[in-house]
1. Looking at (1) part of a strand (DSSP E or B); (2) within 17 Å of A:His295 (Cα to Cα); (3) in contact (Cβ under 8 Å) with a residue 40 or more places away in the chain, which is the one condition that is false for A:Asp273?
2. Being buried (at least 23 other Cβ atoms within 10 Å of the Cβ), in contact (Cβ under 8 Å) with a residue 60 or more places away in the chain and β-branched (Val, Ile, Thr) is the filter here, so list the residues in segment B:202-238 that pass it.
3. Which one is surrounded by the fewest Cβ atoms within 10 Å (Cβ to Cβ) among residues in segment B:1-18 that are closer than 16 Å to A:Asp47 by Cβ and within 8 Å of chain A (Cβ to nearest Cβ)?
4. Would you mind stating whether A:Ala97 is crowded, with 22+ Cβ neighbours inside 10 Å, in contact with a Phe, Trp or Tyr (Cβ under 7 Å, 6 or more places away or on another chain) and within 14 Å of another protein chain (Cβ to nearest Cβ)?
5. Restricting to segment B:82-100, what's the tally of residues that are more than 25 Å from B:Ile159 (Cβ to Cβ) and without any contact (Cβ under 8 Å) to a residue 60 or more places away in the chain?
6. Quick one: B:Glu252 ticks every box in (1) touching a Leu at 6+ places or on another chain (Cβ under 7 Å); (2) open to solvent by 40 Å² or more (accessible area, probe 1.4 Å); (3) part of a helix (DSSP H, G or I) except a single one, so which number is it?
7. Any idea which residue in segment A:105-132 is surrounded by the most Cβ atoms within 10 Å (Cβ to Cβ), counting only those that are within 14 Å of chain B (Cβ to nearest Cβ) and not polar (S, T, N, Q)?
8. How about segment B:134-171: which of its residues are touching a residue at least 12 places away in the same chain (Cβ under 8 Å) and more than 23 Å from B:Pro94 (Cβ to Cβ)?
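The values are calculated or read from the model by the stated rules, or taken from the named source; none is laboratory data. Note that the coordinates shown come from a computational prediction; the quantities given were computed from them, not determined experimentally. Ideal geometry is used to build each Cβ from the backbone, glycine not excepted, and the neighbour counts take in all protein chains shown. Protein only, heavy atoms only, side chains kept; ligands, DNA and RNA dropped before computing areas. Shrake-Rupley method; radii C 1.70, N 1.55, O 1.52, S 1.80 Å.
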Protein chains: 2
Amino acid sequence: MWNHGGNIYSAARLSGYDGDKILDFSANINPLGLPRSARETIVNNLDKVVNYPEPGNPMLVSAIASYLGLNKEHIICGNGATEIIYLTIRAVNPHKALILAPSFSEYSRALNIINCDIEYFSLREETGFTLDTGGLLSTLPNGYQMLILCNPNNPTGTIINGFDMKRILEKCRKLGIYMLVDEAFMDFVEEQHKFSLSKSIAEYQNLVVVRAFTKFFGFPGLRLGYGLVGSNRLKLIMENIKEPWSVNILAEKAGVAALGDREYIGRTKEWLDKEREYLYESLKDIKGLKPFRSHTNFILVKILHSSLDAGILQRLMIDRGIFIRNAENFYGLNNRFIRIAVKNRQANKCFLQALQEIMQSEEHFNES
Amino acid sequence: MWNHGGNIYSAARLSGYDGDKILDFSANINPLGLPRSARETIVNNLDKVVNYPEPGNPMLVSAIASYLGLNKEHIICGNGATEIIYLTIRAVNPHKALILAPSFSEYSRALNIINCDIEYFSLREETGFTLDTGGLLSTLPNGYQMLILCNPNNPTGTIINGFDMKRILEKCRKLGIYMLVDEAFMDFVEEQHKFSLSKSIAEYQNLVVVRAFTKFFGFPGLRLGYGLVGSNRLKLIMENIKEPWSVNILAEKAGVAALGDREYIGRTKEWLDKEREYLYESLKDIKGLKPFRSHTNFILVKILHSSLDAGILQRLMIDRGIFIRNAENFYGLNNRFIRIAVKNRQANKCFLQALQEIMQSEEHFNES
């Protein structure tokens with residue numbers, strides 16, 4: 001039933017390793033961990049948990065507004081990006097929606113809950129999972145009330161440029177289609193202003209952008225995300241159906257601290273630049289694997305050996321204390337795909353060595 | 001729009017007092033504050049926030065099961081009791097519901113969101129807001145699919161005994177009515193086993209009990225609550241529409257620690273026993289006020305002076321740095337009612353003195 005990365009608890013039970021000892025390549029979390037600024041803020045604000053969070057999270061909203069250079073009125077905070085995704089879908093309440101695939105499975109789960117018809121527009125392996133924008137544009141006039149896509153996309157790591165995003169957004173507006181763009185991994189992207197729709201939020205009544213603290217600031221356990229909503233009316237509907245106090249105080253305070261932590265943000269960009277390249281090139285050198293170019297902090301990999309599939313490889317890696325994401329349950333992928341988070345050099349080396357050993361012994365098997 | 005206690009932020013802005021300096025009598029939170037055990041657990045587990053919470057929160061579920069002496073299969077954790085209330089209402093999806101009034105306003109808000117018809121069964125002031133069980137039983141056969149009540153009740157502080165609760169529950173079962181019982185304040189009740197329906201959960205397919213960590217363990221800012229669900233089928237529906245990772249890791253760990261903290265639980269009971277009595281008796285001695293007997297950690301008070309209403313009194317108290325709950329927006333109450341949390345002796349004394357001064361000068365005004 002559970003179809004996400006990051007469940008180190010079941011990995012621990014399967015492997016016999018202690019949860020803390022497992023190298024988790026299955027969840028796409030910044031390996032620099034919780035920023036020290038956020039940690040200190042949490043410790044200094046522990047006494048504040050005797051109070052309810054402030055309705056509407058105005059401190060955090062202000063911090064996000066200045067981080068993105070946006071007007072506060074478009075911002076709504078959530079218990080993880082997940083709450084914003086579910087909230088948007090319930091507020092728009094579409095009867096028919098289009099999702100780019102493969103992608104994060106919670107979009108279809110949230111749509112299924114409100115009994116929405118779902119269709120998929122597939123990114124194709126032959127083109128490295130990049131978007132056929134023309135194809136998408138001509139698919140849009142088909143009775144959809146909502147288009148959902150993730151940019152950069154999970155699990156493919158591919159990205160759609162700002163120009164194409166605008167074309168899609170304009171077409172959606174013309175057709176009366178709400179566009180939900182999940183930018184949970186956008187902070188990892190170099191020159192994100194060329195790709196993100198955040199800055200366009202005031203211009204498009206049909207646009208909702210979802211962003212997360214989870215991945216970039218390394219605290220999925222705290223739960224914090226936010227949405228940018230173009231339409232005041234839609235935002236009001238969202239507020240009217242939103243549960244009160246959904247963002248906990250410690251996440252709120254940690255979020256404010258993290259957004260102001262330029263040192264952490266800088267170190268993250270340095271790390272990713274170097275390590276993604278290292279991991280990608282190393283994966284390319286392993287016979288029997290095909291990594292796809294990624295614009296963010298994870299890499300989709302295809303297994304070429306016919307004797308091995310993603311489930312077996314995941315299991316063989318767990319036995320070595322390393323947890324990878326079997327990507328076969330992403331709509332549009334199959335049991336040849338795994339997804340690998342980029343981690344720090346030491347972890348990446350461990351991972352690559354284990355993988356190499358497995359692939360080499362597989363090589364013999366394939367030859368025999 | 002915001003109609004709850006605990007918004008010390010707006011009180012701070014209104015009064016000019018620093019938020020930390022305000023004595024908050026508006027939210028019903030244990031004044032002993034965050035248990036030391038929970039605080040230490042949070043600090044020791046800060047590194048864990050780099051992981052997602054475990055799906056289904058099995059550690060916390062186990063701790064709750066042994067705290068209540070229940071089977072784990074009935075337990076579901078939530079981002080505050082609020083998530084469980086909303087989740088139950090969405091899962092049951094009633095067309096017509098009955099709510100005991102006055103009570104917590106989120107029941108009607110959640111029902112309104114799903115377009116449910118709402119009717120109220122009123123607790124009457126003349127009988128000290130105690131329930132007319134016979135009257136309720138004869139009202140039930142009226143097409144309701146759901147009955148919601150809070151026990152002990154917020155804001156009246158009244159309680160329904162276990163025998164009457166069972167009669168209502170049996171009648172609901174016969175009529176095919178789901179019964180949602182909010183026991184958010186039950187941990188404060190002396191001999192709670194005589195009142196709580198927790199132990200009956202396995203026997204009643206139509207019962208959902210909601211409980212909170214927020215109030216008793218003094219951490220509303222962390223967000224943690226849980227539900228006990230009698231029907232496996234209903235619990236499955238709830239799990240199917242529940243957002244993943246809704247409970248943050250720190251709340252989960254703090255919850256486990258708090259449930260095992262017998263010293264804190266003991267001190268809380270000692271404090272409440274003494275201070276509720278002190279506060280009630282002192283309020284009774286103030287001319288122009290009528291407090292109602294409470295079984296939990298807050299007291300409903302009626303203002304008898306015609307020259308004063310709840311809004312004015314709240315404002316006069318804020319000017320002295322004390323924040324009380326204006327209870328006029330509870331369905332069935334009016335601008336004569338305020339709700340007061342029981343706090344520690346020092347705070348209670350401050351509060352009583354300020355209140356006394358205001359009431360005395362009001363006395364002159366009434367006489368003049």
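1. Here A:Asp273 clears every test but (1).
2. The answer is B:Val208, B:Val210, B:Thr214, B:Val229.
3. Here the answer is B:Tyr9.
4. In short, no.
5. Total satisfying the criteria: 3.
6. (2)
7. The qualifying residue surrounded by the most Cβ atoms within 10 Å (Cβ to Cβ) is A:Tyr107.
8. Correct list: B:Pro152, B:Pro155, B:Thr156, B:Gly157, B:Thr158, B:Ile159, B:Asn161, B:Gly162.
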